[in-house]
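The values are calculated or read from the model by the stated rules, or taken from the named source; none is laboratory data. What you are looking at is a predicted structure, and each value in this text was computed from that prediction instead of being measured. Cβ: placed from backbone, ideal geometry, glycine included. Neighbour counts: every protein chain shown. SASA here: full protein model, heavy atoms, side chains in, ligands and nucleic acids out. Shrake-Rupley method; radii C 1.70, N 1.55, O 1.52, S 1.80 Å.
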Amino acid sequence: MTNAIRTSFTIIITIIAFAYGMSILLTKKINDLNYIDSGIELYYLTGVESQITKTAWYNILLSGQNIIRKENETYIVINSEQGLTVAALSSDIILSTLLAPINIIILLLLIMAVSWIVNIRVQTRNESYTLKLLNTQASDLLKSLNLATSSTGPC
């Protein structure tokens with residue numbers, strides 16, 4: 001039971017760490033869109049300053065970003081000044097961030113680490129079961145030979 005809880009907590013912490021790392025890389029991607037053309041389509045919107053809102057506190061991925069919900073789409077604000085708002089579709093930015101080489105490498109490393117930890121837990125459980133089984137067999141053998149199974153100290 002304890003091993004299952006430890007493994008669960010390890011997986012949960014890994015997922016949260018990946019989400020926060022993803023949030024940092026997403027923020028970097030949004031800041032880079034101001035200066036570098038990365039192939040993401042930018043939308044130039046006017047008169048939407050009143051529709052700009054902050055993301056919810058529980059949204060780990062888009063934490064601290066300004067968003068606009070318009071025409072059943074969610075846009076992330078890249079830049080907003082003098083009545084002109086530059087935005088990009090949130091799905092495009094998230095997808096390009098997820099498919100960035102560094103994120104793929106980090107995700108693969110996290111998957112390998114979690115699988116390694118789970119493998120160690122399973123191996124420990126198997127070894128514990130084997131030792132318990134061997135102890136039971138040794139105890140049965142000693143009982144069949146009429147030998148004491150516990151020591152009472154030196155005679």
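In deg cm²/dmol and to the nearest 500, what is the mean residue ellipticity at 222 nm of the chain if only DSSP H runs of at least 4 residues count, each as -39500 (n - 2.57), divided by the residue total? Please list the in-between numbers first.
Working: 3 runs with 85 residues, N = 155.
Per the formula, -19500 deg cm²/dmol.
Taking a ≥ b ≥ c as the square roots of the eigenvalues of the Cα gyration tensor of the stretch 23-81, is the shape rounded (a/c under 1.5), prolate (a/b larger than b/c) or oblate? In terms of gyration-tensor shape, oblate.
In angstrom, the C-alpha Rg and Dmax of the stretch 1-124 are 18.4, 63.
In the chain, the longest principal axis of the Cα atoms and the axis of helix 2-33 are about 20 degrees apart. Across the stretch 67-72, computed HN-Hα scalar couplings (Karplus, 6.51 cos²θ - 1.76 cosθ + 1.60, θ = phi - 60°) run 10, 10, 9, 8, 6, 6 Hz from first to last residue, x flagging Gly and Pro.
Under a 1.4 Å probe, what is the accessible area of the chain per residue, stated in Å²?
Details: 11250 Å² over 155 residues.
Here the per-residue accessible area is 73 Å².
Amide H contacts for Ile78 (H built 1.01 Å from N in the peptide plane; partners 5 or more residues away or on another chain; cut-off under 5 Å): Val86, Ala87, Ala88. What aspartates and glutamates could a cross-link reach from Lys28, if we take a straight Cα to Cα line under 18 Å and drop same-chain neighbours fewer than 8 places away? Here the aspartates and glutamates satisfying the reach criterion relative to Lys28 are Asp37, Glu41, Asp92.
Relative to the dominant Cα principal axis of the chain, helix 101-144 is inclined by about 10°. All other residues whose Cβ lies under 12 angstrom from that of Val118 are scored, Lys and Arg at +1 and Asp and Glu at -1, for a net of +3.
If you take every residue apart from Ile40 with its C-beta less than 13 Å away from the C-beta of Ile40, what net charge results, scoring Lys and Arg +1 and Asp and Glu -1? Before the final figure, lay out the partial values.
Numbers: positive: Lys29; negative: Asp32, Asp37, Glu41, Asp92.
Summing Lys/Arg as +1 and Asp/Glu as -1 gives -3.
Here the stretch 79-132 yields Rg over Rh of 1.47, to two decimals, using C-alpha coordinates and the Kirkwood radius.
With the convex hull of the Cα atoms taken as the outline of the stretch 51-151, the averaged projected area works out to 12.5 nm².
With all protein chains present, how much of the accessible area of the chain (probe radius 1.4 Å) comes from carbon and sulfur, to the nearest whole percent? Walk me through the intermediate numbers first.
Details: 6970 of 11250 Å².
Here carbon and sulfur together make up 62 percent of the probe-accessible area.
Whole-Hz Karplus values for the stretch 81-95 come out as 7, 6, x, 10, 10, 9, 9, 9, 4, 5, 5, 5, 5, 5, 5 Hz, taken residue by residue from phi with 6.51 cos²θ - 1.76 cosθ + 1.60 and θ = phi - 60°; glycine and proline positions read x.
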